[in-house]
Amino acid sequence: MIGPLKDLLGHQAWADAMFLRAWEGSEALDDEELRTRMDHQVAVQEAFLQVLKGDAVVFPERPLPSFQELKARCEVGHQVFKALGHGLDQASLARMVRVPWFPEPPCVISVSDALLQVCMHSQHHRGQNMARLKALGAIPKNVDYIIWLWKQKPEARWNP
């Protein structure tokens, strides 16, 4: 499971960077719906990183971030996920963590399942955001996993 999970984390970073570059090239940088959904996506990624590191999960109250703030937070988060991915082994993947934002009974899952959830949650919202870009007249990108494989698993490229 280590290889496929590392691949999903690599794909997630590449796909998020592709989405952000498409958004950056659009006229929709201030679109509130895109900013709200991307803020949620990034905040959940950050929360799972806190869970995986054993830190207290904090969802800070703040105004809706700008595109540039979201892009910077997303890139930093993916750097942390990449470093985390390098240290994955069977024992670390099997370690159990508690997801604190679920009510009783406790949501206790493996690190492997937590990372899979992050990737799937991000994929869901990334698809919504690509559809929103298209509705606003921008050109969305195809970030399917198979495209990433076909392109030989490129690294995320955060800047045009």
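Readers should treat all values here as calculations from the given coordinates under stated rules, not as data from a laboratory. The structure presented is a predicted model; accordingly, all values stated were derived computationally and were not measured. Note: ideal-geometry Cβ built from the backbone for every residue, glycine included; neighbour counts use all protein chains shown.
From the list PHE67, PHE81, exactly one residue is closer than 20 Å to ASP30 by Cβ, touching a Leu at 6+ places or on another chain (Cβ under 9 Å) and aromatic (Phe, Trp, Tyr). Which is it?
PHE67
Pairs needed: first member in segment 139-160, more than 18 Å from PRO4 (Cβ to Cβ); second member anywhere, part of a loop (DSSP other than H, G, I, E, B) and hydroxyl-bearing (Ser, Thr, Tyr); C-beta distance under 9 Å; at least 6 residues apart or different chains.
Once the first residue is more than 18 Å from PRO4 (Cβ to Cβ) and sits in segment 139-160, its partners that are part of a loop (DSSP other than H, G, I, E, B) and hydroxyl-bearing (Ser, Thr, Tyr) give ILE139/SER26.
Looking only at segment 35-49, count every residue that is touching a residue at least 40 places away in the same chain (Cβ under 8 Å) and closer than 13 Å to GLU69 by Cβ and tell me the total. Lay out the reasoning, then the answer.
Step one: filter segment 35-49 for residues touching a residue at least 40 places away in the same chain (Cβ under 8 Å), giving 37-38, 40-41, 44-45, 47-48.
Filter again for closer than 13 Å to GLU69 by Cβ, leaving 38.
Residues in segment 35-49 being touching a residue at least 40 places away in the same chain (Cβ under 8 Å) and closer than 13 Å to GLU69 by Cβ: 1 in total.
Here is a list of conditions, (1) of a type outside the set (Gly, Ala, Ser); (2) more than 13 Å from VAL51 (Cβ to Cβ); (3) out of contact with any Lys or Arg (no Cβ under 6 Å at 6 or more places or on another chain), and PRO140 meets all of them except one; can you say which number that is?
So the condition that PRO140 fails would be (3).
Output the residues belonging to segment 126-138 that are closer than 19 Å to LEU9 by Cβ and either of a type in the set (A, V, I, L, M, F, W, C) or without any contact (Cβ under 8 Å) to a residue 12 or more places away in the chain (or both).
If the condition is that a residue be closer than 19 Å to LEU9 by Cβ and either of a type in the set (A, V, I, L, M, F, W, C) or without any contact (Cβ under 8 Å) to a residue 12 or more places away in the chain (or both), then GLY127 is the only one that fits.
Go through segment 84-108 and give me each residue that's touching a Lys or Arg at 6+ places or on another chain (Cβ under 8 Å) and buried (at least 17 other Cβ atoms within 10 Å of the Cβ).
Scanning segment 84-108 gives GLY85, LEU88.
Of the residues ASP7, ASP16, which single one is in contact with a Lys or Arg (Cβ under 9 Å, 6 or more places away or on another chain), touching a residue at least 60 places away in the same chain (Cβ under 8 Å), of a type in the set (Asp, Glu) and surrounded by fewer than 17 Cβ atoms within 10 Å (Cβ to Cβ)?
Criteria check complete, one pass: ASP7.
Would you check which residues across segment 1-31 are acidic (Asp, Glu) and either over 14 Å from SER122 (Cβ atoms) or over 18 Å from the mean Cα position of the chain (by Cα) (or both) and list them?
First, the residues of segment 1-31 that are acidic (Asp, Glu): 7, 16, 24, 27, 30-31.
Residues satisfying the conditions are ASP7, GLU24, GLU27, ASP30, ASP31.
Within segment 30-43, is there a residue that is farther than 12 Å from ALA138 by Cα, touching a helix residue (DSSP H, G or I) at 6+ places or on another chain (Cβ under 7 Å), crowded, with 21+ Cβ neighbours inside 10 Å and not aliphatic (A, V, I, L, M)?
Yes, some residue in segment 30-43 is farther than 12 Å from ALA138 by Cα, touching a helix residue (DSSP H, G or I) at 6+ places or on another chain (Cβ under 7 Å), crowded, with 21+ Cβ neighbours inside 10 Å and not aliphatic (A, V, I, L, M).
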